[in-house]
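Engineer: Structure below; questions to follow.
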Amino acid sequence: MFIVLYELAKHCGDTETQQFCAEILEVFEKNDVNGHIEWKR
């Protein structure tokens, strides 16, 4: 969900939402939540 929202924000130029999603996804990575999913910045 946050990856899709991140991509939509990136496409629309919404840097605030993009940063929010990136921070959440970084927490997911740090805690190995959904570790099988990879996302590109």
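The values are calculated or read from the model by the stated rules, or taken from the named source; none is laboratory data. In this text the structure is predicted, and so the values were computed from the model without any measurement. Cβ coordinates were reconstructed from backbone atoms using ideal geometry, including for glycine residues, and neighbour counts include every protein chain displayed. In case anyone asks, the SASA skips ligands and DNA or RNA and just uses the protein heavy atoms, side chains included. Shrake-Rupley method; radii C 1.70, N 1.55, O 1.52, S 1.80 Å.
Engineer: Let me spell out the model: positive unit charges on the Cβ of Lys and Arg, negative unit charges on the Cβ of Asp and Glu, origin at the Cα centre of the chain. What dipole size does that give, in debye rounded to 20?
Structural biologist: Computed about the Cα centre, the dipole is about 100 debye.
Engineer: Rounding to the nearest 10 and keeping the result within 0 to 90°, find how far the Cα-based axis of helix 2-12 lies from the longest principal axis of the chain.
Structural biologist: It works out to around 20 degrees.
Engineer: Turning to a different aspect of this structure: Please calculate how many Å² of accessible area the chain carries per residue, with a 1.4 Å probe and no DNA, RNA or ligand atoms counted.
Structural biologist: Values: 3410 Å² over 41 residues.
Solvent-accessible surface per residue comes out at 83 Å².
Engineer: Using a Debye calculation, one point per C-alpha and no hydration shell, please list log10 I(q)/I(0) for the chain at q = 0.25, 0.27 Å⁻¹ in order.
Structural biologist: Treating every Cα as an identical point scatterer, log10 I(q)/I(0) equals -0.79, -0.88.
Engineer: Then there's this: At a 1.4 Å probe radius, carbon and sulfur cover how many percent of the accessible area of the chain? Working shown, then result.
Structural biologist: Numbers: 1890 of 3410 Å².
Ligands and nucleic acids excluded, carbon and sulfur give 56 percent.
Engineer: Here's a follow-up. Tell me, what HN-Hα J-couplings in whole Hz come from the Karplus equation 6.51 cos²θ - 1.76 cosθ + 1.60 at θ = phi - 60° for each residue of the range 24-35, using x for Gly and Pro?
Structural biologist: These are the phi-based 3J(HN,Hα) values: 5, 5, 5, 5, 4, 4, 4, 9, 6, 8, 6, x Hz.
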